[in-house]
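Presented below is the structure to which this report refers.
The values are calculated or read from the model by the stated rules, or taken from the named source; none is laboratory data. None of the values given here were measured: they were computed from a predicted structure. Virtual Cβ from ideal backbone geometry, glycine too; neighbours counted across all protein chains shown. What goes into the accessible areas is simple: the full protein's heavy atoms, side chains included, and nothing from ligands, DNA or RNA. Shrake-Rupley method; radii C 1.70, N 1.55, O 1.52, S 1.80 Å.
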Amino acid sequence: MLLGPLLPLLFLLGLAILVFPHAQPKESNPDLALGAFLQAAVFTGTFATVLAETLSAAGLLTAGGVGVAWVLGVGAVVVVAGRTRWREPIRLVATSLRKWFRGAAPVERAVLLAFLGLMASVLLIALVSPPNTTDVQLYHGPRVLHWIQNQSMGPFATAYLHQVYQPIWSEMAVLQLRLLYGGEGLSNTVQWFAYAAAILAVAGTSRLLGAASWGGWLGAAFVASVPVVILQASSSKNDLVAGAWLSCVVYFAFLSRMRHLTRGEALCLGLASGLGVLTKGTFLFFSIPILAWALVPFLTLRSSAGKGPIALGLAGGLALNFPHWARNAEVFGSPVGPPQVTSELLGSSVDPVVIALRVTSNLAQNFVVPGGSIRLAVESLVIRLYELLGRDLAGFRLPELWNHEDQAGNPIHLLLAAAVLGLLVVGVGRSPRPARGYAFVCLASYVLFSAGVRYDLTGVRYQIPWFVMCAPLVGAELSHRLPAEVRRTVVSLFLIASLPWVLLNRTRPLVGWPPRTAVSSVLIASKGELLFANWRERQAPTENAAAALRRTACTSVGLRIDSHDWEYPFWAEMGAPESGVRLEVLNPVDELRPYLDSAFSPCAILCTICGGRERLHGLARSGEWGDVILYTGGGYHPDPDG
């Protein structure tokens with residue numbers, strides 16, 4: 001149980017050791033270890049994708065299948081490493097770290113300890129909390145459980161389309177950790193590892209930008225302390241994972257503007273882009289300007305040297321998405337999913353007024369802060385702007401919960417990023433040449449994102465990749481424009497300012513403080529309290545129905561639920577699928593009706609949409625808790641009125 005989840009980490013570290021001697025030309029950048037780590041991270045993400053898709057196609061997506069595959073992967077890395085000078089990279093990195101630590105000033109050591117304390121606190125929250133975000137309960141979590149139960153990532157019957165058509169990489173990583181661990185305990189760590197990777201990538205990119213002393217710390221502290229980033233880093237959503245892949249794209253893009261990429265770096269530029277698209281649809285809007293900025297000058301050169309690896313990497317990134325796209329095309333007739341659903345979310349517009357209003361609305365989301373007066377003032381200003389332009393509000397308003405991962409504002413980070421971008425765009429002061437061009441890339445990405453995605457009340461999370469994009473510029477520019485003693489102070493302030501969102505996360509707080517937090521501390525709250533922290537009214541009905549169901553000893557359970565009902569808690573309460581209990585949705589949406597298992601004959605049904613029905617599918621009503629009704633017995637019939 002403990003060794004299994006370590007296999008991907010061992011694979012990553014082994015790859016980093018192998019890549020290290022070839023990471024970068026030695027004369028170009030001293031941070032070889034970081035470049036090797038980022039390449040290894042991309043290759044590990046690629047291996048995990050290929051592994052899952054292969055096992056799924058073979059019907060071997062089981063704990064044993066995944067475990068054997070990762071053991072073979074680690075074994076292959078060990079065999080190859082054994083034929084190389086694998087001790088040299090370890091010695092060089094260890095020597096470099098030891099030299100830095102001995103020569104570091106006390107304040108630098110204190111900052112390092114503060115970083116480690118921040119990350120350790122977030123990791124603790126991730127480990128002790130069950131997955132409890134609303135979207136996780138609706139579709140991120142249930143899709144993983146259906147995959148495990150079916151031993152395949154193929155389409156399945158469900159009442160909520162998102163479980164089938166949405167991008168899959170984060171859930172695919174959660175799936176493998178769950179199979180290797182034997183339960184949900186590590187589900188939140190995928191986002192935490194993304195948090196760590198993004199921090200490292202930002203620090204490295206800040207160095208590529210020529211950051212002065214403390215520049216890497218400034219960039220890292222900036223991204224590590226963004227409130228919505230901190231709050232998401234302990235959940236099992238996917239916005240931060242998309243941000244981590246984007247940080248890899250940014251790192252290799254900067255390298256491409258500075259020198260010729262090695263084959264491995266060129267491959268990783270394309271593969272990281274593909275992994276980002278496979279993680280979240282909004283990734284595309286942020287990555288297109290970066291890829292154009294990085295590749296257009298390079299591809300217009302007459303020489304063909306180096307173009308092959310980049311083309312291969314981009315083709316590989318597309319190939320990683322192909323199985324998922326093919327499944328979507330099979331079910332919905334489109335690789336991106338059901339047209340009616342995706343158009344509602346995306347709603348791309350070329351109307352400059354609409355785009356300007358969306359940009360304004362998205363910026364306004366970052367002013368959801370404690371107290372409410374600032375939020376209300378900003379909300380009022382935006383509403384007046386809509387009225388002045390004679391446009392419908394299009395659902396605009398600002399939410400209220402400053403410490404919730406779907407609503408938290410990031411005003412300080414937004415204003416600081418805007419100031420840095422503004423100074424670069426107008427050319428105030430001297431900055432490395434790539435910095436100014438990249439500032440335009442950041443601005444273009446935000447506009448493209450706003451043009452492509454409709455305003456969402458809880459959409460501030462979509463902006464996480466953008467903050468990750470801006471962080472290296474902030475780190476580098478502050479290091480150039482501020483005195484050394486001020487840089488140290490700013491890093492410290494970033495880390496101190498992160499504490500409210502670490503300690504008072506609304507649904508996963510280290511320090512419980514109701515009503516500011518929905519529950520007490522994660523260290524003392526029950527699993528049920530944490531699981532239903534976003535919807536406490538559902539806890540008692542779900543727990544009581546599950547308790548009654550367990551007393552029947554039934555292991556084949558049907559679900560008749562609405563698309564907005566939380567499906568994950570029903571699985572969690574039954575310990576499924578690890579407990580051997582099988583759950584199947586009996587009322588799927590029309591597109592997924594062909595994937596109903598005609599041989600499935602449940603001995604119990606949990607229904608949230610049955611009102612006063614006494615019988616359902618031939619089973620008798622045996623209990624009711626709120627809107628959750630339990631039907632049990634034999635004689636199941638596919639006709640709900642049978």
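Within segment 537-572, count every residue that is among the hydroxyl-bearing types (S, T, Y) and either open to solvent by less than 10 Å² (accessible area, probe 1.4 Å) or part of a helix (DSSP H, G or I) (or both). Steps first, please.
Kept after step one, since they are among the hydroxyl-bearing types (S, T, Y), are these residues of segment 537-572: 542, 552, 555-556, 563, 568.
Subset that is either open to solvent by less than 10 Å² (accessible area, probe 1.4 Å) or part of a helix (DSSP H, G or I) (or both): 542, 552, 568.
Number satisfying all stated conditions: 3.
Step by step: first the residues of segment 142-157, then only those that are part of a helix (DSSP H, G or I) and open to solvent by 10 Å² or more (accessible area, probe 1.4 Å), then the one that is nearest to L51 (Cα to Cα). Which residue is that? Give the steps one after another, and end with the answer.
Residues of segment 142-157 part of a helix (DSSP H, G or I): 142-150.
Filter once more, so that each one left must be open to solvent by 10 Å² or more (accessible area, probe 1.4 Å): 148-150.
On the way: I148: 15, Q149: 18, N150: 17 Å.
So, considering only residues that are part of a helix (DSSP H, G or I) and open to solvent by 10 Å² or more (accessible area, probe 1.4 Å), the one nearest to L51 (Cα to Cα) is I148.
May I ask you to verify whether W192 is among the aromatic types (F, W, Y), surrounded by 24 or more Cβ atoms within 10 Å (Cβ to Cβ) and either outside any loop (DSSP other than H, G, I, E, B) or on the phi < 0 side of the Ramachandran plot (or both)? I'd like the intermediate steps shown before the answer.
On the way: among the aromatic types (F, W, Y): yes; surrounded by 24 or more Cβ atoms within 10 Å (Cβ to Cβ): no; either outside any loop (DSSP other than H, G, I, E, B) or on the phi < 0 side of the Ramachandran plot (or both): yes.
Judged against the criteria, W192 is not a match.
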(message) So L530 ticks every box in (1) in contact with a strand residue (DSSP E or B) (Cβ under 8 Å, 6 or more places away or on another chain); (2) within 30 Å of L123 (Cβ to Cβ); (3) assigned to a helix (DSSP H, G or I) but one. Which box is left unticked?
(response) (1)
(request) Could you tell me whether any residue of segment 575-592 is within 27 Å of the chain's Cα centre (by Cα), of a type in the set (A, V, I, L, M) and surrounded by fewer than 19 Cβ atoms within 10 Å (Cβ to Cβ)? (result) yes
(request) From (1) touching a residue at least 60 places away in the same chain (Cβ under 8 Å); (2) open to solvent by 70 Å² or more (accessible area, probe 1.4 Å); (3) of a type in the set (G, A, S), pick out the condition that doesn't hold for G395. (result) (2)
(message) What's the total number of residues in segment 313-333 that are open to solvent by 20 Å² or more (accessible area, probe 1.4 Å) and free of Cβ contacts under 8 Å to residues at least 60 places away in the same chain?
(response) 9
(request) Keeping to segment 577-626, report how many residues are of a type outside the set (A, V, I, L, M, F, W, C) and over 23 Å from R327 (Cα atoms). (result) 20
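Could you please let me know if L6 is outside any helix (DSSP H, G or I), modelled with pLDDT of 85 or more and open to solvent by 70 Å² or more (accessible area, probe 1.4 Å)?
Working: outside any helix (DSSP H, G or I): no; modelled with pLDDT of 85 or more: yes; open to solvent by 70 Å² or more (accessible area, probe 1.4 Å): yes.
Taking the combined requirement at face value, the residue does not satisfy it.
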(request) Tell me, yes or no, whether segment 375-383 has at least one residue that is touching a Lys or Arg at 6+ places or on another chain (Cβ under 9 Å), open to solvent by 60 Å² or more (accessible area, probe 1.4 Å) and acidic (D, E). (result) no
(request) Assess whether Q191 counts as being in contact with a Lys or Arg (Cβ under 7 Å, 6 or more places away or on another chain), modelled with pLDDT of 95 or more and within 21 Å of I125 (Cα to Cα). (result) yes
(request) May I ask you to say which residue of G117, G45, G73 is surrounded by fewer than 17 Cβ atoms within 10 Å (Cβ to Cβ), at pLDDT 95 or above and assigned to a helix (DSSP H, G or I)? (result) G117
(request) Inspect all residues belonging to segment 18-25 and state whether any of them is at pLDDT 90 or above, touching a helix residue (DSSP H, G or I) at 6+ places or on another chain (Cβ under 8 Å) and either open to solvent by 40 Å² or more (accessible area, probe 1.4 Å) or aliphatic (A, V, I, L, M) (or both). (result) no
(message) Of all residues being surrounded by fewer than 18 Cβ atoms within 10 Å (Cβ to Cβ) and modelled with pLDDT of 95 or more in segment 598-607, which is farthest from W625 (Cα to Cα)? Just the residue, please.
(response) F600
(request) Working only within segment 94-111, note down all residues that are aliphatic (A, V, I, L, M) and open to solvent by 50 Å² or more (accessible area, probe 1.4 Å). (result) L97, V107, A110
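Would segment 205-223 turn up any residue that is hydroxyl-bearing (S, T, Y), out of contact with any Asp or Glu (no Cβ under 6 Å at 6 or more places or on another chain), open to solvent by less than 10 Å² (accessible area, probe 1.4 Å) and closer than 14 Å to V468 by Cα? Show your work before the answer.
So the first thing to find is which residues in segment 205-223 are hydroxyl-bearing (S, T, Y), and the list is 205-206, 213.
Still in the list and also out of contact with any Asp or Glu (no Cβ under 6 Å at 6 or more places or on another chain): 205-206, 213.
Still in the running and open to solvent by less than 10 Å² (accessible area, probe 1.4 Å): 205-206.
Now drop any that are not closer than 14 Å to V468 by Cα, which leaves 205-206.
Yes, some residue in segment 205-223 is hydroxyl-bearing (S, T, Y), out of contact with any Asp or Glu (no Cβ under 6 Å at 6 or more places or on another chain), open to solvent by less than 10 Å² (accessible area, probe 1.4 Å) and closer than 14 Å to V468 by Cα.
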(message) I need the full set of residues from segment 616-642 which are touching a residue at least 40 places away in the same chain (Cβ under 8 Å), open to solvent by 30 Å² or more (accessible area, probe 1.4 Å) and on the phi > 0 side of the Ramachandran plot, in order please.
(response) G626
(request) Scan segment 224-260 for residues that are open to solvent by 10 Å² or more (accessible area, probe 1.4 Å) and of a type in the set (D, E, K, R) and report the count. (result) 2
(request) Please give the helices (runs of 4 or more DSSP H) falling wholly within segment 454-522 in which 2 or more residues are open to solvent by less than 40 Å² (accessible area, probe 1.4 Å) and touching a Gly at 6+ places or on another chain (Cβ under 9 Å). (result) 464-481, 484-497
